[in-house]
Amino acid sequence: MENNFSEEEIAAAGKWMSRRLIDWYLEHKRDLPWRETRDPYIIWISEIILQQTRVAQGMDYFHRFIRRFPDVSSLAAAAEDEVLKYWQGLGYYSRARNLHAAARMIEEQHNGRFPESYPEVLALKGVGEYTAAAIVSAAWNAPYPVVDGNVFRVLSRLFALDTPIDSGKGKKAFTRLAGWLMDPAEARLYNQAMMEFGALQCTPKNPDCRQCVLADKCLAYASGEVQAYPVKQHKTKTRDRYFHYFHILSGNRTWLHRRTGKDIWAGLYEFPLIETEGPVDFAELQKTEAFQSLFGAAGHLRITVEQPKEKHILSHQVLYITFYRIEIEKVPESLQTYLPVAAETLEEYAVPRIIHIYLEKWLGKLEE
Ligand code: SF4
């Protein structure tokens with residue numbers, strides 16, 4: 001840490017901070033269904049759903065998911081396609097695949113009983129230090145501090161710590177500090193209080209410091225530099241990608257394929273896709289080798305630009321997506337590697353949200 005506090009100072013700070021935070025939490029906390037339970041399975045699912053989703057948005061998904069997969073064994077027994085279908089719209093599909101794989105690990109390695117120790121929970125697929133700490137502290141009051149973006153922000157401001165939070169050194173230092181501050185007897189309440197405080201009070205932009213129960217001890221507030229914390233060393237780089245989707249129609253049929261590999265949306269279905277290096281219009285697209293090998297033998301094409309270029313922002317990528325509807329005269333051999341699907345069964349396939357929205361519009365038009 002750039003600021004040098006002794007362990008005694010931190011332990012003393014921890015006592016008052018822990019008490020005030022917990023009192024604040026008991027008065028201001030939101031009533032959320034996963035806070036009422038000690039069931040590690042339910043806590044786990046809620047944590048994974050909420051990792052990139054706001055509470056209001058994630059609530060419906062949580063209820064739907066838990067209704068269909070109420071426990072480890074129902075999730076482990078499901079087919080991956082069905083799990084992805086229930087995840088559709090939440091994004092970050094690798095999380096759903098990991099949940100599914102971890103449920104199977106629990107069935108096989110722990111006889112279906114959710115493991116109780118921190119190292120065993122941490123060993124589950126897709127469970128990192130933050131999630132493992134959140135599960136074991138909420139389910140068993142085990143003294144493991146959670147350290148997420150909210151906690152980084154609160155601690156860096158309270159102690160005016162300028163170690164970058166996105167450095168290995170920063171992560172270790174903040175985790176150590178969070179551990180020193182935690183009252184081990186109150187791990188459950190303390191962790192929940194800390195995260196709620198970061199989410200509702202010590203917010204990224206314009207926190208209401210005058211109404212803050214920790215204001216008299218907050219070094220960033222005292223120096224008028226709240227917005228300077230937390231410090232980051234890297235700005236996230238984003239990559240632009242250009243997707244051209246082909247909703248190919250021959251009678252009632254269209255074609256899909258399943259994405260594989262390490263790219264986005266692995267395991268989900270999509271229309272035949274051509275990705276180009278940069279933005280291209282349809283005339284240019286038609287000249288590409290990829291277009292020729294897909295449609296060269298399809299006879300006369302009736303083409304409609306069904307949804308012109310739309311921007312779709314993911315965490316490290318910006319996708320520019322255009323949908324073309326193409327009615328073909330003959331089914332070319334190039335489509336043999338794709339899955340023919342009848343319009344009325346399209347809804348059974350888990351697809352990325354952008355394709356789901358497109359299909360809803362199109363199926364809506366068919367019914368008009
Ligand atoms: S005084 Fe402001 S910056 Fe400090 S902990 Fe409270 S809300 Fe956060």
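Couple of notes before you dig in:
- For region 197-288, the set of GluC sites (Glu not before Pro) satisfying both a DSSP loop assignment and a count of at most 13 other C-beta atoms within 10 Å is given as Glu225, Glu277.
- Calculated P(r) tail over 14 Å for region 106-170, as whole % of Cα pairs: 64
- Here r is the Cβ-Cβ distance between Glu82 and Lys262 and R0 is 22 Å; the resulting FRET efficiency, rounded to 0.05, is 0.45.
- Note on the chain: helix-only mean residue ellipticity at 222 nm, from DSSP H runs of 4+ residues weighted -39500 (n - 2.57) and normalised by residue number, equals -13500 deg cm²/dmol.
- For chymotrypsin sites (Phe, Trp or Tyr not before Pro), no site in region 176-249 is both called loop by DSSP and has at most 11 other Cβ atoms within 10 Å.
- Contour excess over end-to-end distance, with Cα ends at Ser94 and Arg67 and 0.36 nm allotted per residue: 7.6 nm
- Rounded to 10°, Cα long-axis angle of helix 129-140 versus longest principal axis of the chain: 60
- Across the alpha-carbon set of region 301-346, the Rg to Rh ratio works out to 1.08, Rh being the Kirkwood radius.
- Semi-axis lengths, Å, region 239-367, gyration tensor of Cα atoms, sqrt of 5 times eigenvalues: 21, 19, 15
- Selection of trypsin sites (Lys or Arg not before Pro), region 173-248, meeting DSSP coil and at most 15 other Cβ within 10 Å: Lys205, Lys232, Lys235, Lys237
- Projected over all directions and averaged, the alpha-carbon convex hull of the chain occupies 21.7 nm².
- At R0 = 25 Å, FRET efficiency that the Cβ-Cβ distance of Glu348 and His312 yields, to 0.05: 0.60
- Degrees separating the helix 353-367 axis from the principal Cα axis of the chain, which is the longest one: 50
- Cα-based shape type of region 1-84, given that a ≥ b ≥ c are square roots of the gyration tensor eigenvalues and the cut on a/c is 1.5: prolate
- Among Val213, Val147, Val226, the largest mean-square fluctuation in a Gaussian network model of the chain (Cα springs under 10 Å) belongs to Val213.
- Overall size of region 188-236 from C-alpha positions, given as principal axis extents largest first: 33, 26, 16 Å.
- Ratio of Rg to Rh over region 95-140 (Cα coordinates, Kirkwood Rh, two decimals): 0.94
- Stretching Thr288 away from Glu9 to a fully extended chain increases their span by 93.8 nm, per 0.36 nm per residue minus the current alpha-carbon distance.
- For the chain, share of DSSP beta bridges that run antiparallel, in % to the nearest 5: 65
- Global geometry of region 57-131, whether rounded, prolate or oblate, following the gyration tensor of its Cα atoms and the 1.5 cut on a/c: prolate
- Taking 0.36 nm per residue of separation and subtracting the current Cα-Cα distance, fully stretching the chain between Arg239 and Asn141 would add 31.1 nm.
- Once C-alpha pairs closer than 8 Å and six or more residues apart are averaged by separation and normalised to the residue number of region 7-228, the relative contact order reads 24 percent.
- Relative contact order %, region 239-367, counting alpha carbon pairs below 8 Å whose residues are six or more apart: 35
- In this structure the amide hydrogen of Gln317, modeled in the peptide plane, comes within under 5 Å of the amide hydrogens of Arg239, none closer than 5 places in sequence on its chain.
- Values of log10 I(q)/I(0), in the order q = 0.24 Å⁻¹, for region 158-248 under a Debye, Cα-only, solvent-free model: -1.43
Throughout, read-outs are computed from the coordinates displayed, never taken from laboratory work. Please read all numbers here as calculations on a predicted model, not as lab measurements. Heads up, the Cβs are rebuilt from the backbone with ideal geometry, glycines too, and the neighbour counts pull from every protein chain shown.
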